[in-house]
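Visitor: I have a structure here, written as structure tokens, and I will follow up with some questions on it.
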């Protein structure tokens, strides 16, 4: 059987490739209201933000270990987190849109590609077992799975795959019905952050930070607070229009 590192790398790469293919198919079918030049600016912001966010949040997951390996480029560049990538990409996109003068939401086309990438990438995490630090706590539940160390554990990677796949019909319904562009992406990301906030209680690592939460969970709370503010402003604006 391939080593855990090889398994993880193979499925992570397949996840990235699947995201590109799904994006191309979705864009061809739906069209794109954003000009090519503007879309490139958005992608550049997303890539830079995701690259920085995914590693920064990884480094914050276990500060003591990070300090021990501060001079090791392999450690500094090797670790990644999905939550950090998504939130960093979101920040990068918003910055790029401001610089390019883009006002329209650009996220709806990215929902299905991101779901494809997460689903395929998490297969690698599942097959790798506890070696990559994403396995769940030991469990005696009937669906607990033992991979790598022979200890039945919560298959949190499978939980995540099932959750994001279930979001497909929900986000597609919102995309078709909502009058606001970008709502399917907002729903997806807010739902994913809430899921990760809860499911990460089933993981033994990374080490908890103040408040009994991990750095990933604190990042999820920050993202959820941001979207709560977004929808609160929308509700306030609708109330103003209704009473005008």
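Visitor: Residue 59 - would you say it is modelled with pLDDT under 90, in a helix (DSSP H, G or I), in contact with a helix residue (DSSP H, G or I) (Cβ under 7 Å, 6 or more places away or on another chain) and within 30 Å of residue 212 (Cα to Cα)?
Guide: Answer is yes for this residue.
Visitor: Of these, 153, 176, which one is more than 29 Å from residue 8 (Cα to Cα) and free of Cβ contacts under 8 Å to residues at least 40 places away in the same chain?
Guide: 176
Visitor: Take the residues in region 141-161 that are assigned to a loop (DSSP other than H, G, I, E, B) and surrounded by 16 or more Cβ atoms within 10 Å (Cβ to Cβ), then tell me which one is nearest to the chain's Cα centre (by Cα).
Guide: Step by step, filter region 141-161, then rank; the result is 155.
Visitor: Within region 73-80, is even one residue part of a loop (DSSP other than H, G, I, E, B) and either farther than 27 Å from residue 147 by Cα or at pLDDT 90 or above (or both)?
Guide: Looking for residues that are part of a loop (DSSP other than H, G, I, E, B) and either farther than 27 Å from residue 147 by Cα or at pLDDT 90 or above (or both), one finds none in region 73-80, hence no.
Visitor: While we're on this one: Taking region 26-55, which residues are loosely packed, with under 12 Cβ neighbours inside 10 Å and either at pLDDT below 80 or in a helix (DSSP H, G or I) (or both)?
Guide: Matches in region 26-55: 28, 29, 30, 35, 36, 37.
Visitor: Suppose we keep only residues that are free of Cβ contacts under 8 Å to residues at least 40 places away in the same chain and within 18 Å of residue 109 (Cα to Cα) within region 38-61. Which one would you say is nearest to the chain's Cα centre (by Cα)?
Guide: Here the answer is 43.
Visitor: Please go through (1) part of a loop (DSSP other than H, G, I, E, B); (2) under 14 Å from the mean Cα position of the chain (by Cα) for residue 199 and return the number of the only condition it doesn't satisfy.
Guide: Result: residue 199 fails condition (1) only.
Visitor: On to the next question. Among all residue pairs at least 6 apart or on different chains, which show Cβ distances below 8 Å where the first residue, located in region 75-100, is free of Cβ contacts under 8 Å to residues at least 24 places away in the same chain and at negative phi and the second is surrounded by fewer than 22 Cβ atoms within 10 Å (Cβ to Cβ) and part of a helix (DSSP H, G or I)?
Guide: 75/66; 76/55; 76/59; 77/55
Visitor: Find the residue count for region 62-96, including only residues that are under 21 Å from residue 16 (Cβ atoms) and either out of contact with any helix residue (DSSP H, G or I) (no Cβ under 9 Å at 6 or more places or on another chain) or surrounded by 15 or more Cβ atoms within 10 Å (Cβ to Cβ) (or both).
Guide: Result for region 62-96: 17.
Visitor: Let me ask something additional. Just one of 134, 106, 128 is modelled with pLDDT under 95, surrounded by 21 or more Cβ atoms within 10 Å (Cβ to Cβ) and within 26 Å of residue 30 (Cα to Cα); which is it?
Guide: 106
Visitor: Just to be sure I understand, how many residues within region 129-148 are touching a helix residue (DSSP H, G or I) at 6+ places or on another chain (Cβ under 6 Å) and farther than 22 Å from residue 197 by Cα?
Guide: Residues in region 129-148 being touching a helix residue (DSSP H, G or I) at 6+ places or on another chain (Cβ under 6 Å) and farther than 22 Å from residue 197 by Cα: 2 in total.
The values are calculated or read from the model by the stated rules, or taken from the named source; none is laboratory data. Keep in mind that this is a model prediction, so the values were computed, not measured. Glycine also receives a Cβ, built like all others from the backbone with ideal geometry; neighbour counts cover every protein chain displayed.
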